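Step one of this worksheet: look at the structure below.
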Amino acid sequence: MRTWIVLAIVGLFGSSSAEAGEAPASGESLFTGQVEAILANSCVRCHGGDHKKGELDLSRRAPALKGGENGPAIVPGNLDESLLIEKVAAGEMPPKSPLKPEQVEALRAWVKAGAPYPREPVSPPRAGADWWSLRPIKDASPPALDAEATRWVRTPVDAFILAKLRENKLTPAPEADRSALIRRLSFDLIGLPPSPEEVARFVADADPLAYETLVDRLLASPQYGERWGRHWLDVVRFGESEGYETNMPRFNAWPYRDYVIRAFNRDTPFPQFVVEQLAADVASGGASKDWLSQAATGFLVGGTHDIVGNATIEGMRQQRVDDLDDVVTATGTAFLGLTINCARCHDHKFDPILQKDYYGFQAVFAGVNHASRAVEAADAEARREKATSVAAELARVDQGLDEFEPVARLDADSPARPMVNPRRNVERFAPIKARMVRMTILATADPIEPCIDEFEVYTAESSPRNVALASAGGKATASSEYPGSAIHKIEHLNDGKLGNGRSWISHAPGKGVVTIAWPEPALIDRVVWGRDREEAYRDRLASQYVIEAADEPGAWRVVASSLDRAAYKADAPPAAAADSGLTSEAAARRAELQKRRAELKAKLDQLGPTVSMYVGTFTQPATTHLLRRGDPMQPGAQVSPSAVAAVEPALNLSPDAPEGERRLALARWIGDPANPLPARVMVNRVWHYHFGRGIVATPSDFGFNGAAPSHPELLDWLAARYIAGGWRLKPLHRLIVLSAAYRQSSRGDAGAQAVDRENRLVWRMSPRRLEAEAVRDSILAVAGKLDPEMGGPGYNIWEKNTNYVAIYKPRGELGPDAFRRMIYQFKPRSQQDPTFGSFDCPDAALVAPRRNISTTALQALDLLNSGFIIQQSGLFAQRLADEVGADPERQVDRGFALALGRPPAPAERAAAAALIRARGTPSFCRALYNANEFVYAP
């Protein structure tokens, strides 16, 4: 054994064998032959550079001899005293992948020879600018095959697959049967099972193009966007809460989800897809201007965001750079398959990405801010018309409620009316003939200039008129006007337009006088005023005032004042109107009006011409600096907006480039056909979701630490086809799913398993468990309860949260409002669906380019005992009874057809019918939901 090891070691170094009588290898030849590679690949990543575990540095000889926390690692010439040899020989180091015996012997021989370091430092291997994924895409031709092999080939994809199989002496599995193929296609393309009728038609269809017709139908289905949109939301860490400890909800983040679904259904070309997500707000063209395209920038702010804030300058800067790091990370992994974020503190240790490149990316996004933005709705004009109608009814309801307001008491010596409020204050008094009204403001709740958005005076008639309106002849004057403002003018006091944007502000802190006069005397009994009817502002509120009326100038009479109102407290809730003094009929009438007012207000809130969406706001940023060690308190050299220098084509912008142009330029750089990464990455993602494993098994890492492609020529051929086809995914899907490779059965083969355990060479179709969303959606579909409604705010399975730290407690029971597809489920971070979260759902805190596939007892328990499953099993049973009656055998046949897409075998039919007779149909339905066949794609 020892002779073999020595021979192997010497042979690896290119020397003749010891048995040939030649001198053994020197320490230096050992180092340059194999030891340097061992140290570089297996040791210095953890024991070298800036971060040395156990204080041990093996990258240079002197610190290696000195050792770390546990003493000297290497004692030249002494194997027994060298801790390095002890650890690698015991398999303790490296911890995750122990060295092979021949590598351990090489290290022993090197230490025995004196452990020389002819080259220092030893660095981990890294990719260069010539790394395979950074080279231009080669439009390779499919391999030539003999006539016999060609008979298996259905698309050029198969030529690449079959050539590799033959190299490894493997043969493909036979084609799956038609019932399996339609289920596989349906789950892959739309995420739902086919109906029994669809299965029967396809199985019986003699048309030689039946399969192609099925593929085209599924790709054209709107449910395709829901299925593939979910995949993209995983890749870009989409969630609907802030994350961190508060984790407060973002109820207006859903438009980004709808944008993604629409983009996949439209088969939006990839360059446009990138431009919209990075720069829809500044991109030209009609497609980028509609409201849902504007929602695309939700990608930029789709990650976590700490809303607590930090009082220290260090904390504030750290929060800001963390937000920007999230954007850089998501952009790099989603579109480029590069871990650009690894260069935040230093040059990337493995890929040709400089720290300067990282901060060039950060400069591109330096003007992006987490916030909601108002975007004009698609039906803005219709919304305006509807809002006008609703506002008019709301005004009539308000006037009806005015009748129940208490009359102002000039003789009150204690509060008789509620305190003033910013929205709307009613001053009722005995009818008086007047031609003018004056309000003298004596103080505001805060010591700044008072503001009034509208001042109204109503007649004491059966149909009250606002005689103060400018359109009715009212004329407004005031003691002063806030200087230099276009929105706070005297004429806005009575223009009939509500809100802070059309208001008056005095020029005197805490004081002001407004007067409204109209042409003819009128009998009036009410004045209405407010600071901001839209309830956006609460400052500048008049808290002490006197209101007077007069028929002639100088004949003023006090009709109301603040003396009989409760003292204003900014944090006090609005006082509820009291029923005292009202008849039961009047109290009931007021309650009816209050309810109607709440309904109208809620409707009006949804009818603005704009839609508020969590899609970010953008400001021109300050200068970006490279941060030493990533520390925001150690700014270094100024950095201009740029991309990765090692990736063609070059992108460099001026330091003062407009904010929007930065994002747009980066988007165009990503979508440039000369950039070799994006097409490869997107093609690989599609392959990954169709076969369960990408041609590159690390879908978001095409760098040195990522996996090598199993079929590099196929990857480039598909990428070239993708670009040539206009960067559209649906033709790519079609090319892949029409292939013989995709149509293979999942038949096992012990011989092939021994050669290619992970099925990287695609000698069969690997069985794949469905994702949580497909499982839940299928359960609803089979029960006949899946709601097909698309788009809009999602359904919420959580009880309402009112705490300042979000607590997401599941609702006790879910009804039809929660029976939509799972992609529409409101998705807070770090919280999982109580039934389907166990099926490896990502929590949206980080990007998830591929999902883990686990098999746990909790999954079985959830599918067997959860309230949702019990509920749906009952609904499934009811469907069977409605469709085929009470006969157990017929229920079994229909249940198998709906849930599994096939008829039961005789033994299955007998056992299932016996279960129904003994335990009832719901138990049979639960058994079907728990079948492996139900949760696995064939």
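The values are calculated or read from the model by the stated rules, or taken from the named source; none is laboratory data. Bear in mind the structure is a predicted one, so any value in this text is a computation, not a measurement. Counting neighbours? That spans all protein chains shown, and the Cβs are built from the backbone with ideal geometry, glycine included.
Quick notes
- Of all residues in region 54-77, those that are part of a loop (DSSP other than H, G, I, E, B) and touching a residue at least 40 places away in the same chain (Cβ under 8 Å) total 4.
- Taking region 237-323 as the region of interest, the helices (runs of 4 or more DSSP H) fully inside it that hold 2 or more residues being closer than 28 Å to residue 623 by Cβ and touching a Lys or Arg at 6+ places or on another chain (Cβ under 6 Å) are 270-279.
- Selection within region 774-801 - assigned to a helix (DSSP H, G or I) and under 22 Å from the mean Cα position of the chain (by Cα): 774, 775, 776, 777
- Sole residue being closer than 27 Å to residue 299 by Cα and of a type in the set (D, E, K, R), chosen from 879, 811, 851: 851
- Residue match in region 215-223 (condition: part of a helix (DSSP H, G or I) and closer than 23 Å to residue 672 by Cβ): no
- Search result, residues across region 324-341 that are out of contact with any His (no Cβ under 8 Å at 6 or more places or on another chain), more than 23 Å from residue 622 (Cβ to Cβ) and not small (Gly, Ala, Ser): 333, 335, 336, 338
- Within region 763-773, being crowded, with 20+ Cβ neighbours inside 10 Å and part of a loop (DSSP other than H, G, I, E, B) holds for 763, 764, 765, 771.
- Any pair with Cβ under 8 angstrom, 6 or more apart, that starts in region 180-192 at a residue that is touching a residue at least 40 places away in the same chain (Cβ under 8 Å) and ends at one that is of a type in the set (Val, Ile, Thr): 182/199; 182/203; 183/199; 185/215; 185/737; 188/737; 189/215; 189/737
- Matching entry among 293, 288, 284 (being at pLDDT below 95 and either closer than 22 Å to residue 698 by Cβ or surrounded by 24 or more Cβ atoms within 10 Å (Cβ to Cβ) (or both)): 293
- First in region 862-879 and touching a residue at least 24 places away in the same chain (Cβ under 8 Å), second anywhere and of a type in the set (Val, Ile, Thr) and outside any helix (DSSP H, G or I), Cβ under 6 Å, 6 or more apart: 862/835; 866/835; 868/835
A quick yes/no check of all residues on (1) exposed (fewer than 14 other Cβ atoms within 10 Å of the Cβ); (2) in a helix (DSSP H, G or I); (3) at pLDDT below 90; (4) among the acidic types (Asp, Glu):
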residue: 585; (1), (2), (3), (4): yes, yes, yes, yes
residue: 607; (1), (2), (3), (4): no, no, yes, no
residue: 611; (1), (2), (3), (4): no, no, yes, no
residue: 629; (1), (2), (3), (4): yes, yes, no, no
residue: 632; (1), (2), (3), (4): no, no, no, no
residue: 636; (1), (2), (3), (4): no, no, no, no
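- Against the conditions (1) exposed (fewer than 15 other Cβ atoms within 10 Å of the Cβ); (2) more than 43 Å from the chain's Cα centre (by Cα), residue 487 satisfies every one except (2).
- Within region 718-744, the only residue that satisfies the criterion of being surrounded by fewer than 23 Cβ atoms within 10 Å (Cβ to Cβ) and within 10 Å of residue 160 (Cβ to Cβ) is 739.
- Strands (runs of 3 or more DSSP E) (entirely within region 500-567) containing at least 2 residues that are surrounded by fewer than 17 Cβ atoms within 10 Å (Cβ to Cβ): 512-530, 557-561
- Selection count where residues are among the aromatic types (Phe, Trp, Tyr), touching a residue at least 60 places away in the same chain (Cβ under 8 Å) and closer than 28 Å to residue 771 by Cβ, scope region 664-714: 3
- So residue 748, is it over 33 Å from the mean Cα position of the chain (by Cα), surrounded by fewer than 18 Cβ atoms within 10 Å (Cβ to Cβ) and either within 23 Å of residue 854 (Cα to Cα) or at pLDDT below 95 (or both): yes
- Any hit, region 322-336, residues being over 23 Å from the mean Cα position of the chain (by Cα) and touching a residue at least 40 places away in the same chain (Cβ under 8 Å): no
- Out of 697, 719, 708, one residue alone is within 30 Å of residue 125 (Cα to Cα), under 29 Å from the mean Cα position of the chain (by Cα), hydrophobic (A, V, I, L, M, F, W, C) and outside any loop (DSSP other than H, G, I, E, B). It is 719.
- Answer from 890, 829 - the residue that is part of a loop (DSSP other than H, G, I, E, B), charged (D, E, K, R) and more than 22 Å from residue 692 (Cβ to Cβ): 829
- Residue pairs whose Cβ atoms lie under 8 Å apart, sitting 6 or more positions apart in sequence or on different chains, and linking a residue in region 736-751 that is over 18 Å from residue 694 (Cβ atoms) to a partner that is polar (S, T, N, Q) and in a loop (DSSP other than H, G, I, E, B), are 738/155; 740/155; 746/766.
- Remark: pairs (first residue in region 781-810, closer than 25 Å to residue 305 by Cβ; second residue of a type in the set (Gly, Ala, Ser); Cβ separation under 6 Å; 6+ apart in sequence or on different chains) = 795/818; 797/818.
- Selection status of residue 167, of a type outside the set (Lys, Arg) and in the same structural domain as residue 145 (by TED's automatic domain parsing): yes
- Entry remark, region 116-167: residues being within 38 Å of the chain's Cα centre (by Cα), part of a loop (DSSP other than H, G, I, E, B) and among the acidic types (Asp, Glu) number 2 in total.
- Selection count where residues are in a helix (DSSP H, G or I) and not hydroxyl-bearing (Ser, Thr, Tyr), scope region 357-378: 6
- For residue 412, the test of being assigned by TED's automatic domain parsing to the domain that holds residue 463, assigned to a loop (DSSP other than H, G, I, E, B), of a type outside the set (D, E, K, R) and exposed (fewer than 15 other Cβ atoms within 10 Å of the Cβ) is passed.
- With respect to being buried (at least 19 other Cβ atoms within 10 Å of the Cβ) and touching a residue at least 24 places away in the same chain (Cβ under 8 Å), residue 172 fits the description.
- Top-ranked residue of region 339-398 - restricted to ones that are closer than 30 Å to residue 254 by Cβ and hydroxyl-bearing (Ser, Thr, Tyr), ranked as surrounded by the fewest Cβ atoms within 10 Å (Cβ to Cβ): 388
- Members of region 372-419 that are out of contact with any strand residue (DSSP E or B) (no Cβ under 7 Å at 6 or more places or on another chain), touching a residue at least 40 places away in the same chain (Cβ under 8 Å) and basic (Lys, Arg): 383, 384, 386, 409
- Qualifying residue in region 649-660 (condition: part of a loop (DSSP other than H, G, I, E, B) and closer than 30 Å to residue 766 by Cα): no
- Scanning region 802-822 for residues that are in a loop (DSSP other than H, G, I, E, B) and not aliphatic (A, V, I, L, M) returns 802, 803, 804, 808, 809, 811, 812, 813, 815, 819, 821.
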